[in-house]
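Here is the structure we will look at, set down as structure tokens.
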Amino acid sequence: MSLMSYLGAIGAAQREAMDADERVIIIGEDVEANVYGTTGGGKSRADKGDFLQMYGRDRIRNTPISEEAIVGFAAGAAMTGLRPIVDLSYSSFLYMAMDQFVNQVAKNRYMFGGQASMPVVFRSAMFYGLNTGAHHSDRPYPMFMNVPGLKIIAPSSPSDAKGLLRYAIDSDDPVLTFEACLLWGSKEEVSDEEYRIPFGKARIAREGTDVTVVAISSSVPEAVAAADAMAAEGVSVEVIDPRTLVPMDTRAILESVSKTGRLVVAEPAHRTCGAAGEISAIVSEEIFDALKAPIIRVTAPDMQIPFSPALEKQMYPNRITIADAIRKVAGLR
Amino acid sequence: MAAPTKDQMLEMQRRMLRIRYFDERASKMVKRGHIPGTVHTSIGQEAQVVGATMALRDEDYMTGNHRSHGHPIGKGSPLGPLMAELVGKATGVCKGKGGSLHLADFSVGSLGESGIVGSSIPIAAGAALSASVLKKSHVSLAFFGDGAANQGVLYESINMAGVWKLPVIFLCENNQYALSTPAHTVTSGVIADRAAGFGIFGVRVENGQDVLEVFNAVSEAAARARAGEGPSLIEVVTYRFNEHSEGLRIGTDYRDPEEREQWLKRDPIVLFRNYLIAEGHFTAEALDALEAEVLAEVDEAVRFTDESPYPEPETAFADLYTDKEEQFA
Ligand SMILES: Cc1ncc(C[n+]2csc(CCOP(=O)(O)OP(=O)(O)O)c2C)c(N)n1
Ligand SMILES: [Mg+2]
């Protein structure tokens, strides 16, 4: 075990995968100079762990600013023997390549009757909560959940980031991983061994019996903090992190809500057609009778993200808004 | 560059005939309702297609567009599963999931046609990236139209393939119209000349009705690609004899009927047949026999299609992901 940051864990998974399989390559803007911190060892090119030194320009592909071509090249490469990891840096830049994601990456295997496999991982980070303004603050994973053929993951801890990314690279299907920039610096003890976390298996971040909170991405640590606060008020809260949104571990969610009868869903994406809406619908459809109170969603509002810290702070779920929702669903307010 | 052998020339004529007869039959089947939806034929453009595909090796990669049957046929894909796909049968090359617009036959390097104009171009370039990183000798070719030549992704792709010196050929089928829109009204400058701005090789094949001219241009580009000299942009001037798609009726006369008459006189299959006879490569009888043989092949493809079952409804729910468990987790 070593103390590892979320970002360090991603770098470790990438290094392990690059070492394990020659077909794994990294494609992206500014990956040579390790600008985003997952393709290097230290501060300088000469440092041990610099990906360019270790793997060379053939496998570390520094690109022009051409997201549509980057995504399309990676798809074509994945269909013909490579296993690319694409670093798209900010999640907002995925929109530049929407046609490639929706019409090629997601559809090719299906349209061609299973002839294509698409072993490619698209990494991007959601920079919300950091006063970057509307163009860089997006949390667009629900849009992509709406596209059959993609797998969507959103790790919330360093251990999950490492294990899920490693599994994603091994997957023969296209995976989009949405990292939360707010979590980049979070640290925990992470195994130095190679390990993989299979998709479709939720993590119970905290066990409890009165209320279930399903939380996504940076809402997970906030939900855990809210659960701690609620314990002091005598409410036992179970926090579930689905970790992978497609496929979604609906069984774990249904089991928990069957037990508690009360559900809060917290996520940093917009409210309309979000993952929280989807999870709420599944629970209502499947186990309506188990519910003791209406489900509550805690999400970002359907509003663009403002720049000023004074304005942005209030936009995402936090321990206070989640705790309020827990009180309400528990009938304490 | 070696001149094509007699065998190769016969194969060129065979593949051009396959496209012609296949597309003529498909056109009828659309009009009779045997093929659901529509198809876009390559009739009139056979030399442009086959000159390119015959310049590639069997294992080389290729992507295409909505004018989609000629490309896999030109690459050597058998006709039965292609026709069955057009009708939506279980034996279709894509099991009935793709249809005319999304034909693909990975066994001959056909990585997929595309219903979205321009969208498959970077896929071909990505296949060239594989060849480059994995040190394989494959070349990859992207077919696209004059309409697609105005999509931004083409230029992102040319640029990135250019800096990485990828073995990819960008082949513009300039049939002078994008649906109803004359290319010259929406295209600034000459498409092939755009290559110069990216420092890659560019050439305009003025007589795209001559299969050998196209073959030579693409052969040279493929040789350069295999030698590590990077991508080429080839613009081939040609003409589609049919309407944009079969059964389509456009209110306005966007093409001058006289212009079409002139182009019909430059039928690539007739031109090549005459050439093969005039040069003494083959007799008229031998070429007649070839035509009858290909016609029978198309009949056989239709028979295969007719005798094939439709896919079971539940197969609509397979082939999205490689693993079933996760799909329904
Ligand atoms: C992105 C996109 N825009 C528009 C269309 C509609 N459309 C289909 S084919 C076509 C014309 C394409 O012209 P060109 O690329 O020259 O190919 P051609 O049909 O002439 O072979 C158009 C406008 C489409 N399928 N995709
Ligand atoms: Mg055209």
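Among all residue pairs at least 6 apart or on different chains, which show Cβ distances below 7 Å where the first residue, located in the stretch B:171-182, is touching a residue at least 40 places away in the same chain (Cβ under 8 Å) and charged (D, E, K, R) and the second is in a strand (DSSP E or B) and within 7 Å of ligand 2 (Cβ to nearest atom)?
Matching pairs, first to second residue: B:E173/B:G145.
Mind listing just one residue for me: the one in the stretch B:131-148 that is open to solvent by less than 10 Å² (accessible area, probe 1.4 Å) and over 22 Å from B:S219 (Cβ atoms) and, of those, farthest from ligand 2 (Cβ to nearest atom)?
Taking the candidates together, the pick is B:A148.
Taking B:G96 as meeting all but one of (1) more than 7 Å from every other protein chain (Cβ to nearest Cβ); (2) assigned to a loop (DSSP other than H, G, I, E, B); (3) within 16 Å of ligand 2 (Cβ to nearest atom); (4) not hydroxyl-bearing (S, T, Y), write down the number of the exception.
If we test B:G96 against (1) more than 7 Å from every other protein chain (Cβ to nearest Cβ); (2) assigned to a loop (DSSP other than H, G, I, E, B); (3) within 16 Å of ligand 2 (Cβ to nearest atom); (4) not hydroxyl-bearing (S, T, Y), just (3) comes out false.
If a residue must be open to solvent by less than 10 Å² (accessible area, probe 1.4 Å) and either modelled with pLDDT under 95 or in contact with a Ser or Thr (Cβ under 9 Å, 6 or more places away or on another chain) (or both), how many such residues does the stretch A:158-170 contain?
7
Scanning for something of a type outside the set (A, V, I, L, M, F, W, C), surrounded by fewer than 12 Cβ atoms within 10 Å (Cβ to Cβ) and assigned to a helix (DSSP H, G or I), does the stretch B:266-285 turn up at least one residue?
Scanning the stretch B:266-285, I find at least one residue that is of a type outside the set (A, V, I, L, M, F, W, C), surrounded by fewer than 12 Cβ atoms within 10 Å (Cβ to Cβ) and assigned to a helix (DSSP H, G or I), so the answer is yes.
Of all residues in the stretch A:122-170, which are closer than 21 Å to A:M248 by Cβ, in a loop (DSSP other than H, G, I, E, B) and touching a Pro at 6+ places or on another chain (Cβ under 9 Å)?
Within the stretch A:122-170, A:R139, A:G149, A:L150, A:A154, A:S156, A:S157 qualify.
Evaluate the following for A:A69: is it assigned by TED's automatic domain parsing to the domain that holds A:F93, assigned to a helix (DSSP H, G or I), over 16 Å from A:V120 (Cα atoms) and at pLDDT 95 or above?
Judged against the criteria, A:A69 is not a match.
A quick yes/no check of all residues on (1) touching a residue at least 24 places away in the same chain (Cβ under 8 Å); (2) in contact with an Asp or Glu (Cβ under 8 Å, 6 or more places away or on another chain); (3) more than 20 Å from A:I152 (Cβ to Cβ):
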residue	(1), (2), (3)
A:R243	yes, yes, no
A:V246	yes, no, no
A:T250	yes, yes, no
A:V257	yes, no, yes
A:V265	yes, no, no
A:A269	yes, no, no
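Given the options B:S132, B:S188, name the one that is more than 14 Å from chain A (Cβ to nearest Cβ), modelled with pLDDT of 95 or more and over 30 Å from B:Q13 (Cβ atoms).
Going through B:S132, B:S188 in turn, just one is more than 14 Å from chain A (Cβ to nearest Cβ), modelled with pLDDT of 95 or more and over 30 Å from B:Q13 (Cβ atoms): B:S188.
Those residues that are closer than 26 Å to B:W263 by Cβ and either open to solvent by 10 Å² or more (accessible area, probe 1.4 Å) or more than 12 Å from chain A (Cβ to nearest Cβ) (or both), I need them from the stretch B:149-169; list them, please.
Answer for the stretch B:149-169, where residues must be closer than 26 Å to B:W263 by Cβ and either open to solvent by 10 Å² or more (accessible area, probe 1.4 Å) or more than 12 Å from chain A (Cβ to nearest Cβ) (or both): B:A149, B:N150, B:Q151, B:I169.
When the residues of the stretch A:199-231 are filtered to those that are of a type in the set (G, A, S) and farther than 27 Å from A:G185 by Cβ, which remaining residue is nearest to the other protein chains (Cβ to nearest Cβ)?
Per the stated criteria, the residue is A:G200.
Can you report the number of residues in the stretch A:147-192 which are within 14 Å of chain B (Cβ to nearest Cβ) and farther than 15 Å from A:G11 by Cβ?
15
Just to be sure before I move on: is B:S110 modelled with pLDDT of 95 or more and open to solvent by 50 Å² or more (accessible area, probe 1.4 Å) in the structure I sent?
no
Identify, from the list B:I200, B:I191, the residue that is within 15 Å of ligand 2 (Cβ to nearest atom), more than 21 Å from B:T41 (Cβ to Cβ) and touching a residue at least 40 places away in the same chain (Cβ under 8 Å).
Numbers: B:I200 fails: within 15 Å of ligand 2 (Cβ to nearest atom).
One residue alone meets the criteria, B:I191.
Of the conditions (1) within 16 Å of ligand 1 (Cβ to nearest atom); (2) open to solvent by 10 Å² or more (accessible area, probe 1.4 Å); (3) in contact with a helix residue (DSSP H, G or I) (Cβ under 8 Å, 6 or more places away or on another chain), B:D210 satisfies every one except a single condition; which number is it?
If we test B:D210 against (1) within 16 Å of ligand 1 (Cβ to nearest atom); (2) open to solvent by 10 Å² or more (accessible area, probe 1.4 Å); (3) in contact with a helix residue (DSSP H, G or I) (Cβ under 8 Å, 6 or more places away or on another chain), just (1) comes out false.
Please go through the stretch A:76-103 and give me each residue that is in contact (Cβ under 8 Å) with a residue 40 or more places away in the chain, touching a Gly at 6+ places or on another chain (Cβ under 9 Å) and over 22 Å from A:M126 (Cα atoms), ordered by number.
A:A77, A:A78, A:L82
Only one of these is basic (K, R) and either within 16 Å of ligand 1 (Cβ to nearest atom) or at pLDDT below 95 (or both): B:R240, B:R224. Name it.
On the way: B:R224 fails: either within 16 Å of ligand 1 (Cβ to nearest atom) or at pLDDT below 95 (or both).
Testing whether each residue is basic (K, R) and either within 16 Å of ligand 1 (Cβ to nearest atom) or at pLDDT below 95 (or both) leaves just B:R240.
Given the structure, is A:E255 surrounded by fewer than 21 Cβ atoms within 10 Å (Cβ to Cβ) and in the same structural domain as A:D324 (by TED's automatic domain parsing)?
In short, yes.
Yes/no matrix, rows are residues, columns are (1) away from ligand 1 (no atom under 12 Å from the Cβ); (2) in contact with a Phe, Trp or Tyr (Cβ under 9 Å, 6 or more places away or on another chain); (3) at pLDDT 95 or above:
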| site | (1), (2), (3) |
| --- | --- |
| B:A161 | yes, yes, yes |
| B:P182 | no, yes, yes |
| B:G199 | yes, no, yes |
| B:R204 | yes, no, yes |
| B:V218 | yes, no, yes |
| B:E229 | yes, yes, yes |
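Scanning for something touching a strand residue (DSSP E or B) at 6+ places or on another chain (Cβ under 6 Å), facing chain B (nearest Cβ under 7 Å) and not charged (D, E, K, R), does the stretch A:64-81 turn up at least one residue?
Yes, the stretch A:64-81 contains at least one residue that is touching a strand residue (DSSP E or B) at 6+ places or on another chain (Cβ under 6 Å), facing chain B (nearest Cβ under 7 Å) and not charged (D, E, K, R).
Against the condition in contact (Cβ under 8 Å) with a residue 24 or more places away in the chain, under 17 Å from A:Y90 (Cα atoms) and in the same structural domain as A:P174 (by TED's automatic domain parsing), how does A:Y36 come out, does it pass?
Values: in contact (Cβ under 8 Å) with a residue 24 or more places away in the chain: yes; under 17 Å from A:Y90 (Cα atoms): yes; in the same structural domain as A:P174 (by TED's automatic domain parsing): yes.
Criteria met by A:Y36.
The values are calculated or read from the model by the stated rules, or taken from the named source; none is laboratory data. Treat the numbers as computed from the prediction; the structure is a model and nothing was measured. Cβ: placed from backbone, ideal geometry, glycine included. Neighbour counts: every protein chain shown. Note: accessible area is taken over every heavy atom of the protein model, side chains too, but ligands, DNA and RNA are not part of it. Shrake-Rupley method; radii C 1.70, N 1.55, O 1.52, S 1.80 Å.
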